[in-house]
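Enquirer: Below is one structure. I have some questions about it.
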Amino acid sequence: MIDSKSTSGGRRLWVASIPFAVLAVLALIALVVSAFGASQYRGLSTLLAILGTLLGLPLLILLMLLPILGPQLSRNRRLRHRFPTATVLTSQKAAGLDEALAALGFIPRPITHADAAPQFFGVVLDEHEVSLWFGTREPVKVAQFARASISNAVVAKRERYSGLSWALVLHFASDGEAVEVPLMPRFRGWFGAFPMSRASLERLAHSLTEDSDERPSLSR
């Protein structure tokens, strides 16, 4: 269960959204009045319905996303506090991630539900390594990759639970075999609600490999 501290940011957003939610409800009432009420009130009711919809609907959508986004924001805030000079992002789970982490020895085989990656997790990037963090209340480092161990970083389409999307795919060599670790980072802005564009992912891929000339095999 997420404690009150880990959801404080989400609760503040809930409180700030209450006036807009009320406005959306009033807009719905105004829409009904404009459709079925007396003709002298229809013009004003229609105007209120349009204004209420334009202002209230985006906030209502945000309210529906808060149960998902709130814990992610709280986890990232904790990680940024621990690693103030690093880049902290949320990643969505891509197909093949569990198998890649198991192949690299970060999670055991056979892969159980308790060991599998969640749908959203934290990614911390600094000048030395890339690390994956699971959990929101108390984030736990599950995997870490030295940047020098990344043989290549490319942008490619990968499956996720809702279909194909662009992913940052990290390539490693482990025991002579190639292993691909797919990540789907999301923008830091807009509460992390949107995945990174292909162009942003390509810049990130370039930044991960531009400083390394030699790529040794991954070691934990």
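The values are calculated or read from the model by the stated rules, or taken from the named source; none is laboratory data. Here the structure is a predicted model, which means the values were calculated and not measured. Positions of Cβ are backbone-derived with ideal geometry, glycine not excepted, and every protein chain shown enters the neighbour counts. We work out accessible area using only protein heavy atoms, side chains counted, and drop any ligands, DNA or RNA first. Shrake-Rupley method; radii C 1.70, N 1.55, O 1.52, S 1.80 Å.
Enquirer: Counting just the residues of the range 63-84 that are more than 17 Å from Q144 (Cα to Cα) and polar (S, T, N, Q), which one comes out most open to solvent (accessible area, probe 1.4 Å)?
Expert: Step one: of the range 63-84, the residues more than 17 Å from Q144 (Cα to Cα) are 63-75, 77-78, 81, 84.
Okay, now just the ones that are also polar (S, T, N, Q), so 72, 74.
Working: Q72: 25, S74: 1 Å².
Selected residue: Q72.
Enquirer: Next up: Filter the range 85-95 down to the residues that are open to solvent by 30 Å² or more (accessible area, probe 1.4 Å), in contact with a Lys or Arg (Cβ under 9 Å, 6 or more places away or on another chain) and more than 15 Å from R186 (Cβ to Cβ) and list them by number.
Expert: So the first thing to find is which residues in the range 85-95 are open to solvent by 30 Å² or more (accessible area, probe 1.4 Å), and the list is 85, 87, 93, 95.
Retained after the next criterion (residues that are in contact with a Lys or Arg (Cβ under 9 Å, 6 or more places away or on another chain)): 87, 93, 95.
Scanning the range 85-95 gives a single hit, A95.
Enquirer: Filter the range 108-126 down to the residues that are more than 19 Å from R160 (Cβ to Cβ) and aliphatic (A, V, I, L, M) and list them by number. I'd like the intermediate steps shown before the answer.
Expert: Looking only at the range 108-126, we keep the residues that are more than 19 Å from R160 (Cβ to Cβ), and these are 108-110, 112, 114-115, 124-126.
Selection gives A114, V124, L125.
Enquirer: Just to be sure I understand the filter: pairs with C-beta atoms under 8 Å, separated by 6 or more residues or on different chains, first member in the range 163-184 and more than 18 Å from E202 (Cα to Cα), second member part of a strand (DSSP E or B) and at pLDDT below 90. Which pairs pass?
Expert: What qualifies is V179/A173.
Enquirer: Search the range 162-188 for residues being of a type in the set (G, A, S) and within 16 Å of the chain's Cα centre (by Cα), and hand back the single one that is least open to solvent (accessible area, probe 1.4 Å).
Expert: At the first step, the residues of the range 162-188 found to be of a type in the set (G, A, S) are 162-163, 165, 167, 173-174, 176, 178.
With the extra rule that they be within 16 Å of the chain's Cα centre (by Cα), the set shrinks to 162-163, 165, 167.
On the way: S162: 71, G163: 23, S165: 17, A167: 0 Å².
So the residue we want is A167.
Enquirer: Going by what's in this entry, would R147 be described as loosely packed, with under 14 Cβ neighbours inside 10 Å, in contact with a helix residue (DSSP H, G or I) (Cβ under 7 Å, 6 or more places away or on another chain) and not hydroxyl-bearing (S, T, Y)? Talk me through it step by step, then tell me what you get.
Expert: Values: loosely packed, with under 14 Cβ neighbours inside 10 Å: no; in contact with a helix residue (DSSP H, G or I) (Cβ under 7 Å, 6 or more places away or on another chain): yes; not hydroxyl-bearing (S, T, Y): yes.
Answer is no for this residue.
Enquirer: While we're on this one: Sort out which residues of the range 180-207 are assigned to a helix (DSSP H, G or I), modelled with pLDDT of 90 or more and not small (G, A, S), and write them in order of number.
Expert: Pass one, the range 180-207, residues assigned to a helix (DSSP H, G or I): 190-192, 198-207.
In the following step, the residues that additionally are modelled with pLDDT of 90 or more were identified as 198-207.
If the condition is that a residue be assigned to a helix (DSSP H, G or I), modelled with pLDDT of 90 or more and not small (G, A, S), then R198, L201, E202, R203, L204, H206 are the ones that fit.
Enquirer: Also, quick follow-up: If I ask for residues that are buried (at least 21 other Cβ atoms within 10 Å of the Cβ) and outside any helix (DSSP H, G or I), which ones from the range 96-116 would you list?
Expert: I107
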